[in-house]
1. Could you give the angle, 0 to 90 degrees to the nearest 10, between helix 194-210's Cα long axis and the longest principal axis of the Cα atoms of the chain?
2. Once a ≥ b ≥ c are taken as the square roots of the eigenvalues of the Cα gyration tensor of region 166-341, is the result rounded (a/c under 1.5), prolate (a/b larger than b/c) or oblate (a/b not larger than b/c)?
3. Computed from these coordinates, which is semi-axes √(5λ) of the Cα gyration tensor in Å: (i) 38, 23, 19; (ii) 36, 22, 20; (iii) 29, 25, 21?
4. For region 30-178, just say rounded, prolate or oblate: build the C-alpha gyration tensor, square-root its eigenvalues into a ≥ b ≥ c, call rounded for a/c under 1.5, and beyond that prolate if a/b exceeds b/c, oblate if not.
5. In degrees between 0 and 90, to the nearest 10, how far off the longest principal axis of the chain does helix 291-309 point, with axes built from Cα atoms?
6. Report, to the nearest 10°, how far helix 117-133 tilts away from the longest principal axis of the Cα atoms in the chain, using its own Cα long axis and a range of 0 to 90°.
7. Obtain the nm distance between the two label points defined at C289 and R309 by a simple spin-label model: each point lies 7 Å from its Cα along the Cα-to-C-beta direction.
8. Can you pull the one-decimal nm distance between simple spin-label points at E94 and I264, each 7 Å off the Cα toward Cβ?
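Laboratory data are not the source of any read-out in this text; all were calculated from the coordinates shown. All figures in this text were calculated on a predicted structure; none of them were measured in a lab. Please note: Cβ atoms are built from the backbone with ideal geometry, for glycine as well, and neighbour counts cover all protein chains shown.
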Amino acid sequence: MTPLGRLSVRATVPGEGPAIAALWRELWDVQEAFGGYPGSRDPAVYTNLARLLDEDARARAGHPVRGHHVHLVADIGGVPCGQVQGWFDRHGVEPTTPFTCEVRSLIVAERARGFGAGRVLLQALTATAKILSNGMPYVLAAEVLEPNPAVSFYERIGYVTVGHSARMDPAQSASSRDAFATSPVARVALPQDALSIAQLDRVLAARRRAMADVRFDPPRLIDATTVDGIATQLLAHAGDEPPNPAVLVSVDADGVVVGAALFIVQELEPPFVPGLRALLGHFAVSPACATTPVVLSLVALACRLSLLRGASQMAIADLSAPGTELHEAALALGATPWSRLMIQACAG
């Protein structure tokens, strides 16, 4: 029991869209205070969100799961006081690769904090993921902004950090990027790079496993089908303009591909303030090369592409721990630490 009544967790029901939309507004204010993307202040945005939430609740018909999406609310005295969303999926094809439930938009109203609602919401989400995994291993994964005290909350309940991200204004690198115009030089990948990219994918998979990030397949054998598939995908996106998303590669003075990363520009949609953000991740560097110059070349190219497409912010994701060469190289053009990825592995 809490001083406000009995705490329970359940699916959403029609008619409480405005109350849940108010929680979202509170979430964006909290996230923005810790450096997250700003949320809209327009009441009409949240009125429309409330309508969409009620439509979603009617479609769910009392069930928390709809397709890959899980939506749960914490309830005290019949009124929602918190909510969490999850996205259940699998990021690989190997039988040993666990399912992943991404923790999204966890928020407890300020009036109800301190009664354990956040922990109970995550417990309910974990129980739902266990049912969806059908006896197979699964992980819960949450991205937490670095200044957010929620980092310690997740650590207390068994989550561990497996990755980091940084963020930067792409224009910050404009004055220094020419210093990295020598070898290696980054460019958009071509179909003939397919074998090199397949080899670097193994490097990336091994690094993720070494960091205890088990969401993805372990290193896989390279065969002709894998290489042909990568080449076909690159050929399909070939054109005068860089594709979105785009695979970027770093090439040494002899024309050998020594690093790769994935670049994409995404739209931020309401209730975020509309805009464009770029994301650079999936870094892989050949073990035969120094990490710093390769990463610098990839970041510098991604900054140029971000400015070309009008993105005012760029996140640099999938980084190793602070102090490692990969992490420090990503900060060398002016990026600052932004968030961490935390997971909790569970048996089926």
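1. Helix 194-210 and the main axis of the chain meet at about 50 degrees.
2. In terms of gyration-tensor shape, rounded.
3. Here the calculated entry is (i).
4. oblate
5. 70
6. 70
7. Between C289 and R309, the simple spin-label model gives 2.2 nm.
8. It is 2.2 nm.
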